[in-house]
Every structure is written in C-alpha cells, then in structure tokens.
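Q: I have a structure I would like to understand better, so I am pasting it below and will then ask my questions one at a time.
The values are calculated or read from the model by the stated rules, or taken from the named source; none is laboratory data. Source: prediction; values computed, not measured. No Cβ is skipped: glycine too gets one built from the backbone with ideal geometry, and neighbour counts run over all protein chains shown.
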Amino acid sequence: MTPAAVFLDRDGVLNEPIVRDGKPYPPASLDELVIAGDARDALERLRAAHYRLVVVTNQPDVATGAQRRDVVEAINAALVAALPLDEVRVCYHDDRAACACRKPAPGLLLQPPAHDLPRSVMVGDRWRDVEAAARAGVGACVLIDRTYRETMTVEPDVRVRTLGEAADWILRRRIGVL
C-alpha cells in the first residue's frame with residue numbers, strides 16, 4: 001500500500017520565517033534558525049497517525065548566489081536532527097529555470113518514492129505551496145497564515161496560525177491513514 005504523506009514547507013512552517021516588509025525570507029545561517037515551538041509535538045502526532053513527513057522546500061537563493069548550498073543543507077540537517085522527519089526534498093532553482101520542481105510546480109510532491117496523494121496533505125505558508133498541492137492532486141492543503149503581502153492563486157482548505165493547529169485539523173479530518 002502506498003503511504004500517505006504530510007508534505008511540509010520548511011521556512012514559515014517548520015521554522016520561523018524572517019519577515020521584512022511583509023515578505024518572508026529563509027534563515028541565512030544556522031544561527032538564525034528558530035524551530036517552531038510546537039513543531040516536534042505536531043509532527044510526532046502526525047507520525048503516530050502513520051503519515052510520512054516529507055519536507056518540500058524551494059531554496060532559490062542558491063541559484064542566485066545569495067546563499068550557499070552547504071548552508072541550506074546544514075539547516076536541513078539541523079531540522080532532521082531535531083524533528084521526526086522522513087525526507088527532505090529541495091529545489092535549488094529560481095523562477096528563471098522554469099523547472100518542474102520549483103513550487104508552484106508540483107515536481108517536489110511527485111518525486112519518488114510515491115505517496116497516496118489523494119490521502120496526503122500539504123502544509124505551507126505561501127501561495128506557492130497551496131498551488132503546488134492543487135496541481136499535484138494532494139487531497140487537502142493547510143495554510144499557516146502569516147499574513148504576508150501576497151495574493152493567493154488557489155485557496156487552501158483551511159487557514160491556521162501554527163503547525164500544531166494544522167496537525168489538529170489534519171487529525172480531526174483523517175483519523176489515521178493505515
């Protein structure tokens with residue numbers, strides 16, 4: 001049986017975003033990484049319900065030269081060490097690459113190993129996450145609404161304030177996925 005997943009954006013979902021003028025930015029270093037306070041508990045509850053926990057993150061600053069790939073990988077490794085995550089999938093391209101993996105394209109959600117997408121859920125904090133989930137055929141999408149200055153292209157199934165609230169909604173809606 002193909003497993004269901006909770007796909008998780010990284011910045012703004014697992015860790016606190018750095019917001020300037022209403023726009024979110026990733027941490028520039030390990031020193032700036034602040035893991036969301038309720039992340040461990042929320043993810044442990046989702047894992048106990050038999051979801052695979054898969055991070056899907058755009059990191060275009062590597063393509064533009066504003067960030068080094070080893071720093072992104074160190075931040076990802078710190079998250080994996082601190083949280084019960086099964087996998088991290090990264091797109092290092094910027095919009096100019098027009099690749100299939102940069103959200104809102106669905107490529108990161110479609111990469112092997114495959115998941116039961118209709119029973120899966122995406123948790124994101126930006127329009128790109130919501131649109132990628134819709135384009136991939138993911139069953140539901142939860143937006144952690146951080147009131148960024150962006151226009152939504154597709155509406156999520158629900159808006160919440162924290163990852164813990166997202167886990168509550170997922171678990172109320174889908175008790176276990178065995």
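Q: Test of understanding: among Ala63, Ala42, Ala74, Ala81, which residue is under 20 Å from Lys103 (Cα atoms), outside any loop (DSSP other than H, G, I, E, B) and of a type in the set (A, V, I, L, M)?
A: That would be Ala63, the only listed residue that is under 20 Å from Lys103 (Cα atoms), outside any loop (DSSP other than H, G, I, E, B) and of a type in the set (A, V, I, L, M).
Q: Related question: Hey, can you tell me all the residues within the stretch 133-151 that are over 15 Å from Pro106 (Cα atoms) and either surrounded by 16 or more Cβ atoms within 10 Å (Cβ to Cβ) or touching a Lys or Arg at 6+ places or on another chain (Cβ under 9 Å) (or both)?
A: Selection gives Val142, Leu143, Ile144, Asp145, Arg146, Tyr148, Arg149, Glu150.
Q: Now, a different point. When you go through (1) in contact with a His (Cβ under 7 Å, 6 or more places away or on another chain); (2) within 15 Å of Arg126 (Cβ to Cβ) one by one for Thr2, which number turns out not to apply?
A: All conditions pass for Thr2, except number (2).
Q: Another question about this same structure. With the requirement that a residue be outside any loop (DSSP other than H, G, I, E, B), more than 12 Å from the chain's Cα centre (by Cα) and under 17 Å from Glu150 (Cα atoms), what does the stretch 1-39 give you?
A: Selection gives Ile18, Val19, Arg20, Lys23, Pro24, Tyr25.
Yes/no matrix, rows are residues, columns are (1) farther than 20 Å from Val88 by Cβ; (2) modelled with pLDDT of 95 or more:
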residue: His115; (1), (2): no, yes
residue: Val121; (1), (2): no, yes
residue: Arg126; (1), (2): no, yes
residue: Ala133; (1), (2): no, yes
residue: Ala136; (1), (2): no, yes
residue: Gly139; (1), (2): yes, yes
residue: Leu143; (1), (2): yes, yes
residue: Arg149; (1), (2): yes, no
residue: Thr153; (1), (2): yes, no
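Q: Also, quick follow-up: Name the residues in the stretch 45-60 that are part of a strand (DSSP E or B) and either closer than 20 Å to Arg126 by Cβ or of a type outside the set (Lys, Arg) (or both), would you?
A: If the condition is that a residue be part of a strand (DSSP E or B) and either closer than 20 Å to Arg126 by Cβ or of a type outside the set (Lys, Arg) (or both), then Leu53, Val54, Val55, Val56, Thr57, Asn58 are the ones that fit.
Q: Would you mind finding the one in Ala36, Ala4 that is under 21 Å from Val160 (Cβ atoms), crowded, with 21+ Cβ neighbours inside 10 Å, at pLDDT 95 or above and touching a strand residue (DSSP E or B) at 6+ places or on another chain (Cβ under 8 Å)?
A: Result of the check over Ala36, Ala4: Ala4.
Q: I would also like to ask the following. Can you find a residue that is touching a Ser or Thr at 6+ places or on another chain (Cβ under 8 Å) and touching a residue at least 40 places away in the same chain (Cβ under 8 Å) anywhere in the stretch 145-160?
A: no
Q: Something else about it: Picking from Ala42, Ala48, which residue would you name as being at pLDDT 95 or above, buried (at least 20 other Cβ atoms within 10 Å of the Cβ) and hydrophobic (A, V, I, L, M, F, W, C)?
A: Ala42
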